[in-house]
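This report refers to the structure that appears directly beneath it.
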Amino acid sequence: MRVPTAIAVTSADLVLPAPDRHTPPAAVLPPPGQLDLEGSLSRTAALLERHGHLVVLVPTWLPATALRRLHTVRAVLETDRIALLDIDLPPLATALLVRQLCQLSVCDFSPGVLASAARLLSHYIYAGALLGSVAKLDRVPVGLKAHAKSWASNAQFAVVANPVPYLVKLGSGSGGAHGGGTRGGGALPAGPEFATHLTFARGQLTSDWVVSELAPAWQVQGVMENPLPADSAAWWATPKLVEFAAGIPDLSVLYQLVASVRREECRWCGFELIGDRCGFCSAPLTAPSAPAVPARAASAAGSAQPLGPGTTAGAVARSRSRLR
C-alpha cells in the first residue's frame, strides 16, 4: 500500500479537522521550546521512513529559532526529501492550505508536484478578518483615515489580506457588538467566483457578521467554526477579531486544478514541479517554457479565468487549459 507524502506544520493549531475519513492528518513538528534537537531529528526521521518525503509549511511569522531548527534537522539528516515551503498567508488561511494539501496527498501526484502546488492553491484562498482596530495593522495597506477611525468606539473593519488586499470600515449596523443588522458605511469585500467553504475563528470580538453577512454575500456552500490559532492576534495586530478563510473544499476540483498545470522537471534536483520554482530545492525553473501559465496568472492575484460558483472538476480543467 502506497503511503502518502507527509504534510507537516509547525504548530498543532494549524491542523483543521479532516473533511473525511480518507484525508490523513498533518504531522506537527514542535518548536525548540517544546522538543529538543534529538527529539526533532528522531521525529523527522520517522516521518521520512514511513512516508518517503516530507512537505513542511513554514509560515512567515515563525520565530527565527524555529526556522533554524527546521534547516538544522534537514542538514543533519543530509536529505533532499524535505521541502520547506515559505507560506505568506494569515494563520487560519495557512491551516486551510494545509488541509487542502493533506487532501491531495492521497492522490497520484509526485512529491515535487504536491510541494509546488502550495503556491498555486494559495491564490485560490480568500483570507481576511473582521477587526476592531487597524491602528497597528501592517500586513495590509491602511490609510490615515482608517487609522484615525480605529480610535472610534465600536469601530469594525472588514479586511482581506489574500488574494488581493482590501480594507473597509463597516457601518454601525454591520453587526456592532452583538451581531445582526445590515451593512452600513462600507461595501463588503468581493468574494471568490467559485464554490468555497468558509472557516472562521473568533477572537475577542463579539460579532456574527462573518456568518450573517459575509457568508451569504460570498455564497459559500458551508461554514465551519474553528478555534483561533495562537498567532492570529499577532498577525492581525489586535486580539479583537474574527478571522475567516474561504477555500475550495472539493477534492475532485482541487485535483483537476493541479493536474491541469503543465509539469516540468527541476534541473537542479530532478523533482517534478508545477509553476516556476521547485518546492524541494527552491531552484527557479530555467527551461524556455518557464514559468507555467497558472503561476503567471496566480501572480496577478487571481487574474486567471474565474471559476464560477457552480464549478465542477471538468470546468476547472477546461478553464486551466484555455490559459496555456
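The values are calculated or read from the model by the stated rules, or taken from the named source; none is laboratory data. These numbers were taken from a predicted model, which means no experiment stands behind them. Ideal geometry is used to build each Cβ from the backbone, glycine not excepted, and the neighbour counts take in all protein chains shown. In case anyone asks, the SASA skips ligands and DNA or RNA and just uses the protein heavy atoms, side chains included. Shrake-Rupley method; radii C 1.70, N 1.55, O 1.52, S 1.80 Å.
Values as computed for the structure displayed
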read-out: Total residues in segment 28-72, condition out of contact with any Gly (no Cβ under 8 Å at 6 or more places or on another chain), of a type in the set (A, V, I, L, M) and within 20 Å of G112 (Cβ to Cβ); value: 7
read-out: Scan of segment 75-111 for residues that are assigned to a helix (DSSP H, G or I) and open to solvent by 20 Å² or more (accessible area, probe 1.4 Å), ordered by number; value: A75, V76, L77, R99, P111
read-out: Positions within segment 190-225 being surrounded by fewer than 16 Cβ atoms within 10 Å (Cβ to Cβ) and without any contact (Cβ under 8 Å) to a residue 24 or more places away in the chain, in sequence order; value: P216
read-out: Selected residue (only one of F194, F200 is of a type in the set (F, W, Y) and outside any strand (DSSP E or B)); value: F194
read-out: Search result, residues across segment 35-45 that are open to solvent by 40 Å² or more (accessible area, probe 1.4 Å) and under 26 Å from Q100 (Cβ atoms); value: R43
read-out: Segment 46-68 residues that are on the phi < 0 side of the Ramachandran plot and in a loop (DSSP other than H, G, I, E, B), paired with ones that are surrounded by fewer than 18 Cβ atoms within 10 Å (Cβ to Cβ) and small (G, A, S) (beta carbon under 8 Å, 6 or more apart); value: W61/A234
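For every residue, the table says whether it meets (1) modelled with pLDDT under 90; (2) farther than 24 Å from D80 by Cα.
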residue: S252; (1), (2): no, yes
residue: Q256; (1), (2): no, yes
residue: A292; (1), (2): yes, no
residue: S299; (1), (2): yes, yes
residue: P306; (1), (2): yes, yes
residue: R320; (1), (2): yes, yes
